[in-house]
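The values are calculated or read from the model by the stated rules, or taken from the named source; none is laboratory data. Everything numeric in this text was worked out from a predicted model, so none of it was measured. Virtual Cβ from ideal backbone geometry, glycine too; neighbours counted across all protein chains shown. Each accessible area value is taken on the protein alone, full model and side chains, heavy atoms only, with ligands, DNA and RNA left out. Shrake-Rupley method; radii C 1.70, N 1.55, O 1.52, S 1.80 Å.
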Amino acid sequence: MQTIIFLLIAFLISIFSVLLYFNTKKNRLSLLLSGECPTCKQKTKTFFDKNSNTTFTHEIISSRVLKDHGCSGVKEVEFSCSNCGLKEIHPINSSSYCN
């Protein structure tokens, strides 16, 4: 009886840990897509020049496509932070359609 209870508890812990992993990964991706670093919490810097009435922005997060798997595949994108040096790779669904 103790073995069954232990196995049930171990199974539930493993299920919740997998769900927590996917939830944190989704939250980190949404932060990266919005332009905020999930590690150092820096956001896009905006400067305004009063002399020329121009707004300048300095992006903290830069992204580049590593692999593009075609029309129905996913894109593997590398996000890097210029402030803390964070580099993460996330798959992103491509929304293009094949003709």
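Structural remarks
- Matching residues, the stretch 7-47, being aromatic (F, W, Y) and more than 21 Å from S82 (Cβ to Cβ): F11, F16, Y21, F22
- Counted residues, the stretch 13-44 - those being aliphatic (A, V, I, L, M), over 14 Å from the mean Cα position of the chain (by Cα) and open to solvent by less than 80 Å² (accessible area, probe 1.4 Å): 2
- Here D49 clears all of (1) charged (D, E, K, R); (2) in contact (Cβ under 8 Å) with a residue 40 or more places away in the chain; (3) more than 16 Å from F79 (Cα to Cα) except the condition numbered (2).
- The strands (runs of 3 or more DSSP E) found wholly in the chain and carrying at least 1 residues that are among the basic types (K, R) occupy 45-49, 61-68, 74-81, 87-93.
- Residues (more than 30 Å from I61 (Cα to Cα) and among the hydroxyl-bearing types (S, T, Y)) located in the stretch 2-30: T3, S14
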